[in-house]
Amino acid sequence: MKKTKQLFACLSLMTLGLGTAQADYTLNLMKGVTKVSNDIYDLHMLILWICVFIGLGVFSVMFYSIYHHRKSKGHQAAQFHENTTVEIIWTIIPTLILIGMAIPATKTLIELDQVQDSDMSIKVTGHQWFWEYDYLDNGINLISRLDEASNKARQPNSGIDPRNVPHYLLNVDEPLHIPTKKKIRFLFTSKDVVHSWWVPDLGWKKDTNPGFINDAWTYVDKPGTYRGQCTELCGKDHGFMPIVVIAEDQADYDKWVNSKLNPVETATKANWTKDELIAEGAKVYEKNCSTCHLADGAGIKGTFPAITASKVVTGDIQAQTQLILNGKGMMPAFANLLKAEQLAQVITYTRNGLGNKVGDEIQPAAIAEMLPKKAGAKAEAKTEEKVVETKEKSVATLEKKPEKSAKKGAEKVEHSAEMAVTDLVAHGKSVYEKNCSSCHGADGAGMPGLFPALKASPVVTGDIKKQVELMTAGKGMMPGFGTTLSADDFAAVVTYTRNDLGNSVGDSLQPSAVKSLQSAKK
Amino acid sequence: MSTNAHDAYYIPHKAVWPIIGTAGLGTMLAGFANYLNGSAAGSTFMIAGLMIFISMLVGWFTLQANESESGMYNHGVGISYRMGMMWFIFSEIMFFAVFFGTLWYTRNLSMDWLGGIGDGPGRSTHDALWANYEAKWPTNGPGKVGGKEGEFESMGAFGLPFVNTLLLLSSGVTCTWAHHGLLAKNRDQLIKGLMATVSLGFLFVACQAIEYHEAYSEMGLTLGTGIYGSTFFMLTGFHGLHVCIGAIILSVVLFRSWKGHFTPENHFAFEAAAWYWHFVDVVWLGLFIFVYLM
Amino acid sequence: MSAVVAEHDHHDEHHDHGPAKGLVRWLITTNHKDIGTLYLLFALAMFFVGGLMALVIRAELFEPGMQFVNPTFFNSMTTMHALVMVFGAVMPAFVGLANWQIPLMIGAPDMALPRLNNMSFWMLVAGVLLLASTLFMEGGAPACGWTFYPPLVLRDCGHALPFAVFSVHMLGVSSIMGAINIIATILNMRAPKMTLMKMPLFVWTWLITAFLLIAIMPVFAGAVTMLLTDKFFATSFFDAAGGGDPVLYQHIFWFFGHPEVYVMILPTFGVASTIIPVFARKPLFGYSSMVYATASIAFLSFIVWAHHMFTVGMPIAGELYFMYATMLIAIPTGVKVFNWTATMWKGAMTFETPMLFSICFVVLFTMGGLTGLMMSVAPTDFQYHDTYFIVAHFHYTLVPASVFILMAAGYFWLPKWTGNMYDERLARFHFWMSAISVNILFFPQHFLGLAGMPRRIPDYAVQFADWNMVSSIGAFIFGFSQLIFLYIVIKTINGGTGEKVTDEVWEDASKHSLEWTLPSPVPYHTWATPPEEVPSEHF
């Protein structure tokens, strides 16, 4: 036994020595910058050492035995095969150790659950493949994507050495700012698939589930920049949607909030030269378009159209602009995602770069006129904030809450038969060709595996209201047409799909019903 | 357990049907997958595979029946078969447990979170995302998915479903009556009992078909009607499928009884079919309580 | 005695039933040894296919930046690597061992349901073929992780989804039929004196594993069926708008998934408990506590599933419950490790290759188990979850545990099955190459995970570069070392070292288990009359 002890002590010392040496290389868990993350770190170290000691204990006995009780040394095998006392001891001792671990673990877990009494709330929405942050208290909305330098370097065989890119894959264009010494509550949800938001320095990660809200909180003491990544497989670019949190003291944070709420009017340059537009446009393209259409504009056959020699890009500039503003098929509507300048730049770039030589250009001012008015964006955020603020009360009052107008809206569908079905179908055909046929096919056959067929589709031949909702809100790759189509066009195309393309449901949808249905949604 | 030279545990020395059946099933599923992906050839392969699979069933079961009748199976083999059937039924129970579990989870947990009832991980889900949603079973969710204009009627318990309960329960009785006939060497009772059981089974399926038709055509209740429609049709649909399978198995047993198969000592096929039928019966009782009544 | 039984066997009424001629033999065979061989060879082939996929992953991760594959293909590789290794390699390998060994060890003439046995194997092949066919399909193989979480799998899986779903159905049917067969064999076909508590532990662990399989495979089948209907038949199981919940899928999946990992580890325990006593020349320590520990682990496996989901946002009561329940698993698992250690204590050990692999298993599995204990603590799991720390953990419990024990089993029983001895020197070389490289491969992944590297990413921040490179080097050494194993196996089947082995093969092995009383190589038919006497574990 003496020898065992010596070996044991020796090995522990070695491990300790290694432990200190390893600290410089961040081989261990990060301590983090919050109380909870420190608690978790302490818990981690406690269990780690328990595990190391148990492991060393067992292995020492085993290796002692392997060394001494070998046949080649002439050891005679004993024939014992049980020992109740020993067996009881080695059942009870681990149980006690487990209880010892469970107590601090329970405390920390309960502390992590205390989301109430927060000073501010931020809603985090996961997207394929970027993060969206809504400050529920002041209406700031941020879209946070992988920064440009990393994005360039991570392209296959980019020729750029990631070692030369600062914070490769851990940097974003628009970091999340939070104040220090404030209890911040995060609400997590997702627009598409499950993601997971993890900043190791904060001590936890939380999944973002579509259709549900998860919450968590943090309280950061030390100003600094803290980096993390998505940790739930969310598709192609799962590895490329990092998180950057900048914690700063209240004064700096307020300054940042002000700059966000009242952006300094960077005196919109009235006239850009074509070369300027193209130069800037290349950057915008790289960041926003190249994921799908590829860096050289070649696209992916069958899925993402090529930009080079594209009919849209080399055709009418107004039509191209409309398409980019409103989106089409899998392509998102960029009206709300990019600024007028950026739009002008990228459109001009696509027409004069990537192998195209149309020669014309579009100015930001022209785009600005085509953009939908942004009124109400802030107001919307405000109401959302209120909703969340009233949460604690609302749980109690919930059952009494009057039912909103959803049903009333639905009733209206039956009234107001103003347009004949044939008219709707005729008009719908043109709307369909413009907005739907590129994905679902002119004959409604779709594209197996990518775009569902409309012919005999359960959605189209099923409940009309469900179809309207799907088309209003979008689903998967399909964009929401709620705002991009007028009520007339919307009603017409719905009626068309239900009564043509091989379907004969027989019902119709009136423009007035569309309006009431959509307002009921709000 | 013990075997001797005259009463040995029968071990077949080759088997052609398993690989044929596997090929059939594989072809059928590959065809179905292609069909779902929109390929035109899919359904052809599906049907071809199904044909191969059915011929395997016919061939293999004929072989088993003949071997059984020629006395090749000793007591030990019988025990193995009974164990096999028991554990197979256990696996079926676990399969249904998934859908009952789903029903429980959506009714008691996720619906409450969506509706803002109680405190839990979803405590803000209702207010932040689905403020208009009132959680009340039956539901097609906050998005009012499916149904007629998002509305639908749920299936009441005391109409056809109650009739169906009586049908299945009495079929359980007739099945046991047939078994008593078999044990008492009363072949007439055996055949009559089995005929009654099979008829009641198919009658049940017919009622179920009427119920489905009504749901689809009048009540706005389809497989796509939110979580209520999904759980309703998934549970009752898989049960209906099992009733069909059970009734077919019983028909085969009936056919064999006609041909004079089975003795009071040796009638594993009958027992297996009866066990299966009782299992289907019990699942229905679960359905009647948790899907229709509650 | 053994010779007498075997002779008797040959002059029995079965004398005309040798194997059928040619390739057809393998298609229509009902012989448990043939089917066991088919399973083992199939598993070996899949081990190399899955290994190749792992090498694609490690090659891409060798350096930061994207060099060889695109992210979607990378995700396909992680998904397929897992599915192939779990359903194509490890599980079939253990079923193969069960087929070979269980009838030999309990004194049964064959499996209880031989025709079903044949079908189990071919269903497995058909299932894996369905899955593999997606590799050559437009849109590629599933790239959504082997867990198939919705909504990702419903959005991004394209043409592969129905194939993956039906493949799971076929693999499920195969496993259930195999498990039913194993249970019926063990409960119904034992030699008269082979009471339950005299069965070798390998048989015990398989009895319990078979029960797990029958209970969980239908659950997985149900879960993927709901994926199918959500995608193609408009149901709303995993869609909040219709009243469903994507997290529901995760609950169902892990209700299957957690017992599933024990399906891969319990037979591992069984083989280790069979090999270690033979080379320690001592009876297994604490036989009955081993049985009870196995049963408790199996029971606990059904009530701890949500520890895979600590970060999905469960009610606090749920998190606490699953944390406590999970910590409990450490107790029976600890008992097992202590028992193996006590079996070695005061033995007269020799270190042939099967023993080397088994000792390595005990050490490295204990490490994997201890990191598992760390993860059972929910708050710390908030940091470890979905990082390389997890990857390191489960690979430690699968590669140097299940896979090493499978190799140990190969070295242990191949001489018995073939009558030929393997090349001991080469085998030891294989062992040391594997044991060292497996640690180079997986140990650094602990550091990567703790330092913050998420799993399932094709590219990473530069601070993770060094350890990834080390890990990749380890992976390639490990991968190529396995070619030695392949060579040894082929050589042993074709005559080995030329040295004829005795019936016992290993010194006094017949004291431990029945198969060593049969002649080597084992005749095509064995135990036509069951053995009169059976070895007692407590000799």
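Screening C:G107 against (1) on the phi < 0 side of the Ramachandran plot; (2) crowded, with 24+ Cβ neighbours inside 10 Å leaves a single unmet condition, (1). On the stretch given as segment A:448-497, residues that are touching a His at 6+ places or on another chain (Cβ under 6 Å), without any contact (Cβ under 8 Å) to a residue 24 or more places away in the chain and crowded, with 21+ Cβ neighbours inside 10 Å total 0.
May I ask you to list the residues in segment C:238-259 that are within 12 Å of chain A (Cβ to nearest Cβ) and either within 18 Å of B:F233 (Cβ to Cβ) or assigned to a helix (DSSP H, G or I) (or both)? C:F238, C:D239, C:A240, C:A241, C:G242, C:G243, C:G244, C:P246, C:V247, C:L248, C:Y249, C:Q250 - these are the residues of segment C:238-259 that are within 12 Å of chain A (Cβ to nearest Cβ) and either within 18 Å of B:F233 (Cβ to Cβ) or assigned to a helix (DSSP H, G or I) (or both). Total residues in segment A:129-149 satisfying the condition of being touching a strand residue (DSSP E or B) at 6+ places or on another chain (Cβ under 9 Å) and either hydrophobic (A, V, I, L, M, F, W, C) or facing chain C (nearest Cβ under 10 Å) (or both): the figure is 8.
Looking at (1) within 14 Å of chain A (Cβ to nearest Cβ); (2) of a type outside the set (V, I, T); (3) buried (at least 17 other Cβ atoms within 10 Å of the Cβ), which one does C:G479 not meet, given that it meets all the others? Every listed condition holds for C:G479 apart from (1).
So in segment C:17-45, with the set limited to residues that are among the small types (G, A, S) and part of a loop (DSSP other than H, G, I, E, B), which one is surrounded by the fewest Cβ atoms within 10 Å (Cβ to Cβ)?
That would be C:G22.
Is one or more of the residues making up segment B:41-53 touching a helix residue (DSSP H, G or I) at 6+ places or on another chain (Cβ under 7 Å) and within 30 Å of C:L248 (Cβ to Cβ)? Yes: one or more hits. Taken as a whole, the structure leaves C:S472 outside the set of residues that are modelled with pLDDT of 90 or more, away from chain A (no Cβ under 14 Å) and more than 30 Å from A:N164 (Cβ to Cβ). Among residues of segment A:165-185 being of a type in the set (A, V, I, L, M) and in a loop (DSSP other than H, G, I, E, B), the one that is nearest to A:N288 (Cα to Cα) is A:L169.
The residue of segment A:191-202 that is nearest to C:Y388 (Cα to Cα), among those that are at the interface with chain C (Cβ under 7 Å from one of its Cβ atoms) and outside any strand (DSSP E or B), is A:P200. Every condition in (1) in a loop (DSSP other than H, G, I, E, B); (2) out of contact with any helix residue (DSSP H, G or I) (no Cβ under 7 Å at 6 or more places or on another chain); (3) more than 14 Å from chain C (Cβ to nearest Cβ) holds for B:M155 except the one numbered (2). Filtering segment C:106-126 to residues that are facing chain B (nearest Cβ under 7 Å) and under 30 Å from C:S536 (Cα atoms) leaves C:P109, C:D110, C:A112, C:L113, C:P114.
For segment A:83-112, give me the residue count where each residue is buried (at least 17 other Cβ atoms within 10 Å of the Cβ) and not in a helix (DSSP H, G or I). Number of matching residues: 0.
Residues in segment C:382-404 that are within 11 Å of chain A (Cβ to nearest Cβ) and more than 20 Å from C:Y149 (Cα to Cα): C:Q383, C:F389.
Counting only residues that are within 23 Å of the chain's Cα centre (by Cα) and in contact (Cβ under 8 Å) with a residue 40 or more places away in the chain, give me the helices (runs of 4 or more DSSP H) lying completely in segment C:61-161 with at least 3 of them. Even if it seems obvious, please write down each step before you answer.
Details: elements: C:71-83, C:91-106, C:114-133, C:152-156.
Helices (runs of 4 or more DSSP H) meeting the threshold: C:71-83, C:91-106, C:114-133.
All of C:T235, C:T225, C:T205 fail the test of being in contact with a Gly (Cβ under 8 Å, 6 or more places away or on another chain), of a type in the set (S, T, N, Q) and either farther than 30 Å from A:L470 by Cα or away from chain A (no Cβ under 14 Å) (or both), apart from C:T205. Residues that are assigned to a helix (DSSP H, G or I), closer than 30 Å to C:L154 by Cβ and touching a residue at least 12 places away in the same chain (Cβ under 8 Å): does segment C:327-335 have at least one? The answer is no; no qualifying residue exists. Take the conditions (1) hydrophobic (A, V, I, L, M, F, W, C); (2) within 30 Å of B:D112 (Cα to Cα); (3) surrounded by 23 or more Cβ atoms within 10 Å (Cβ to Cβ); C:I265 misses just one of them, which is (2).
Selection within segment B:240-294: residues that are among the charged types (D, E, K, R) and outside any helix (DSSP H, G or I). The member of this set that is farthest from B:F88 (Cα to Cα) is B:K259.
Looking at A:Q116, A:Q22, which is the one that is surrounded by fewer than 18 Cβ atoms within 10 Å (Cβ to Cβ), at pLDDT below 90 and farther than 30 Å from A:L176 by Cβ?
A:Q22
For segment A:57-112, taking the residues that are farther than 19 Å from C:S358 by Cβ and hydroxyl-bearing (S, T, Y), the one that is nearest to the other protein chains (Cβ to nearest Cβ) is identified as A:T108. Does A:N164 qualify as being more than 8 Å from chain C (Cβ to nearest Cβ), touching a Leu at 6+ places or on another chain (Cβ under 9 Å) and either closer than 24 Å to A:P332 by Cα or not β-branched (V, I, T) (or both)? When the stated conditions are applied, A:N164 does not pass them.
Restricting attention to segment C:231-248, the residues that are surrounded by fewer than 24 Cβ atoms within 10 Å (Cβ to Cβ) and under 17 Å from B:W104 (Cβ atoms) add up to 1.
When B:S230, B:S217 are checked against the criterion of being away from chain C (no Cβ under 14 Å) and among the polar types (S, T, N, Q), a single residue qualifies: B:S217.
Of the residues making up segment B:3-19, those that are more than 9 Å from every other protein chain (Cβ to nearest Cβ) and either at pLDDT below 90 or buried (at least 20 other Cβ atoms within 10 Å of the Cβ) (or both) are B:H6, B:D7.
A quick yes/no check of all residues on (1) closer than 19 Å to A:F130 by Cβ; (2) touching a helix residue (DSSP H, G or I) at 6+ places or on another chain (Cβ under 7 Å):
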| position | (1), (2) |
| --- | --- |
| A:R185 | no, no |
| A:K206 | yes, yes |
| A:P223 | no, no |
| A:G235 | yes, yes |
| A:M241 | yes, no |
| A:N262 | no, no |
| A:K287 | yes, yes |
| A:H293 | yes, no |
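Return a yes/no flag: does segment B:131-147 have any residue that is of a type outside the set (G, A, S), part of a helix (DSSP H, G or I) and more than 7 Å from every other protein chain (Cβ to nearest Cβ). No, that holds for no residue.
The values are calculated or read from the model by the stated rules, or taken from the named source; none is laboratory data. Keep in mind the model is a prediction, meaning the values are calculated, not measured. So basically every Cβ, Gly included, is an ideal-geometry build from the backbone, and we count neighbours across all protein chains shown.
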